[in-house]
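Undergrad: What follows is a structure written as structure tokens; I'll ask about it next.
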Amino acid sequence: MITSRPRIVDLSEVEPNTRRGGDLRAMLTPTTSGATSGFMGVAIVQPGDRIGEHYHPYSEEFVYVVCGQLEVDLDGEPHPLRPEQGLMIPMHMRHRFRNVGNVEARLVFHLGPLAPSPPLGHVDTEETEPVAVAAESAHGGVRTAERQARS
């Protein structure tokens, strides 16, 4: 028996989450679509930017690179990630993503199963740069100050 209804969610409907670096958009979640087994989203990472190191104590993470050149650190060991490659990250494995190319990178991610509550699903193991947070809040998610600092 089907208990939830299909729901199409457009990327533009989801607020960017830039607290950990990159532009993370959790698109298909329990809140947006009634999902019960996990959630799916897109990460948009600009050249030179990163998604800070973290791990998931309750979920495996599945990643598919759509475009761009990324490097992922898995428990501190770097690995290249290219378009059309997928990666499964086991529970508890520390990981961080860096855009090492010169164009925007996009990856699709899925986490499952769900944590008992959303705050328990993600554990940060490093802080993000304070300048990035200030630039995001002042420019609606655009990392202008960070880009200028790198040029």
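The values are calculated or read from the model by the stated rules, or taken from the named source; none is laboratory data. What you see is a predicted model, and the numbers here were worked out from it, not measured in a lab. Every residue, glycine among them, receives a Cβ derived from its backbone with ideal geometry; neighbour counts consider all protein chains shown. The area values use the complete protein model at the heavy-atom level, side chains included, leaving out ligands, DNA and RNA. Shrake-Rupley method; radii C 1.70, N 1.55, O 1.52, S 1.80 Å.
Undergrad: Each label point is 7 Å from the Cα along the Cα-to-Cβ direction; what then is the distance between the points at D75 and D124, in nm?
TA: Reported label-point gap for D75 and D124 is 2.5 nm.
Undergrad: Further question on the same structure: By the gyration tensor of its Cα atoms, with a ≥ b ≥ c the square roots of the eigenvalues, what is the shape of the range 26-78: rounded for a/c under 1.5, prolate for a/b over b/c, or oblate? Before the final figure, lay out each step's value.
TA: Details: a/c = 2.55, a/b = 1.52, b/c = 1.67.
Oblate is the answer for the range 26-78, as a/c is 1.5 or above yet b/c matches or exceeds a/b.
Undergrad: Could you state the accessible area per residue of the range 1-105 in Å², with a 1.4 Å probe and every protein chain left in place?
TA: For the range 1-105, the solvent-accessible area averages 55 Å² per residue.
Undergrad: Place the peptides 109-117, 58-66, 11-19 in order of packing, highest mean first, counting for every residue the other Cβ atoms within 10 Å and averaging per peptide. Please report the intermediate quantities before stating the final value.
TA: Working: 109-117: 15.7, 58-66: 17.6, 11-19: 13.2.
Packing order, densest peptide first, comes out as 58-66, 109-117, 11-19.
Undergrad: What part of the accessible area of the range 26-120, given as a whole %, is carbon or sulfur when the probe is 1.4 angstrom?
TA: 59 percent
Undergrad: Let me ask something else. In debye, nearest 20, what is the charge dipole magnitude of the range 1-54 about its Cα centre with +1 on Lys and Arg Cβ and -1 on Asp and Glu Cβ, if you could check?
TA: 160 debye
Undergrad: Assign unit charges at the C-beta atoms only (+1 for Lys and Arg, -1 for Asp and Glu), then state the dipole size of the range 1-123 relative to its Cα centre in Debye, rounded to the nearest 20.
TA: Computed about the Cα centre, the dipole is about 220 debye.
Undergrad: Once you list every other residue whose beta carbon is under 13 Å from the beta carbon of V108, what net charge do they have if Lys and Arg are +1 and Asp and Glu are -1?
TA: 0
Undergrad: Further, regarding this structure: Could you pull out which residues in the range 97-120 have an amide N less than 19 Å from a spot 7 Å beyond the Cα of E60, following the Cα-Cβ vector?
TA: Backbone N within reach: 108-116.
Undergrad: Also, I was wondering about something else. Give a residue-ordered list of calculated ³J(HN,Hα) values for the range 33-48 (Karplus: 6.51 cos²θ - 1.76 cosθ + 1.60, θ = phi - 60°; whole Hz; x for Gly, Pro).
TA: Along the range 33-48, the couplings run 9, x, 4, 10, 10, x, 8, 10, x, 10, 10, 10, 10, 6, x, x Hz.
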